[in-house]
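S.K.: To start, I am sharing the structure in question, which I have written as C-alpha cells.
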Amino acid sequence: MDQAVIAVLPPSAYTQSKCQRCTNSKCCTYFTQAIDAPRSKQDFDHLLWQISHRGVQVYKDKSGWYLLINTSCAHLQPDGSCGVYETRPQICRDYTNDFCEFDAPAEEGFDLFFPDYEALLAYCKKRFKRWGA
Ligand code: SF4
Ligand code: SF4
C-alpha cells in the first residue's frame, strides 16, 4: 500500500519513509471481515469450518469478532507498489500508517487470536464442558 498510504498521511518524513522501508507491504496481504460474536456450540462449529480453510484466521478485539483472510491483493506489485494506484478503493485511500503492522504485529491488539483450527478447537473444548457430546 506504500504510495496509497503516503497520500493520506501528515507530511512527516518518518511516516513517508516508513512505507518505503516496509519490505513486505503487510497491509496489502490480507483483509478482515466482521462477524457476529459466536455464542452457541453451533456458532463455534461454523467458525471451525471457516477457519479450516487455508489462510483464514479468527480474532476478537475491542470492536468485536473478525475473520482474518490472509491473501494478497491481486494489485500488489512485486516492488510493493499498487497496480491500480489512481483508482484504488476508498478503504486504501483512507488507510493511515500512523501506527500499522510495521510498528507492531496486529496480534498485539487482539483480546483473542486463533491462528488455526487446532487453536479454536482447544478454545471450544475449554468454553463448552460438553463440547463433544
Ligand atoms: S504495513 Fe504500514 S508501513 Fe508497510 S506499506 Fe502498509 S502502511 Fe506502509
Ligand atoms: S488496491 Fe490492493 S495493492 Fe492497491 S493499495 Fe489497495 S490493497 Fe494495496
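S.K.: Would you please give the residues with an amide H less than 5 Å from that of Ile35, counting only those at least 5 places away or on a separate chain, with H modeled from the backbone geometry?
M.R.: Result for Ile35 returns Trp65, Tyr66, Leu67.
S.K.: Which ³J(HN,Hα) values in Hz, rounded to whole numbers, follow from the phi angles of the range 95-108 under the Karplus curve 6.51 cos²θ - 1.76 cosθ + 1.60, where θ = phi - 60° and Gly and Pro get x?
M.R.: So the Karplus estimates, Gly and Pro as x, are 5, 10, 9, 3, 8, 10, 5, 5, 8, 6, x, 4, 4, 5 Hz.
S.K.: Something else about it: Need one number: % antiparallel among DSSP beta bridges in the range 2-127, to the nearest 5.
M.R.: Working: 15 of 15 bridges.
In the range 2-127, DSSP labels about 100 percent of beta bridges as antiparallel.
S.K.: List the lysines whose Cα lies under 21 Å from the Cα of Lys129, skipping any in the same chain that are fewer than 8 positions away.
M.R.: Answer for Lys129, where 21 Å is the Cα cut-off: Lys41, listed by chain and number.
S.K.: Still on this structure: Starting from the Cα of Gln42, step 7 Å along the direction of its Cβ; do the same at Ala104; then give the gap between the two resulting points in nm.
M.R.: Roughly 3.9 nm, to one decimal.
S.K.: Would you calculate the volume per residue, in Å³, of the smallest convex hull containing every Cα atom of the range 2-127?
M.R.: 119 Å³
S.K.: For the range 65-133, run through the trypsin sites (Lys or Arg not before Pro) and keep only the ones in DSSP coil with at most 13 other Cβ atoms within 10 Å of their Cβ.
M.R.: The qualifying sites are Lys129, Arg130.
S.K.: As a check on your grasp of the helix formula, calculate [θ] at 222 nm for the chain: sum -39500 (n - 2.57) over DSSP H runs of n ≥ 4, divide by the residue count, round to the nearest 500.
M.R.: Numbers: 5 runs with 41 residues, N = 133.
Computed mean residue ellipticity for the chain: -8500 deg cm²/dmol.
S.K.: Under 5 Å between amide hydrogens, which residues at least 5 positions from Val56 or on another chain qualify, with H placed 1.01 Å from N in the peptide plane?
M.R.: Those lying under 5 Å, H to H, from Val56 are Asn70.
S.K.: Another question, then. If amide H atoms are built 1.01 Å from N in the plane of the peptide, which residues on other chains or at least 5 residues away come under 5 Å of the amide H of Leu76?
M.R.: Gly83
Quick note: the coordinates plus some simple rules give every number you see, no bench work behind them. It should be emphasised that the depicted structure is a prediction, and the values quoted were computed from it without experimental measurement. Positions of Cβ are backbone-derived with ideal geometry, glycine not excepted, and every protein chain shown enters the neighbour counts.
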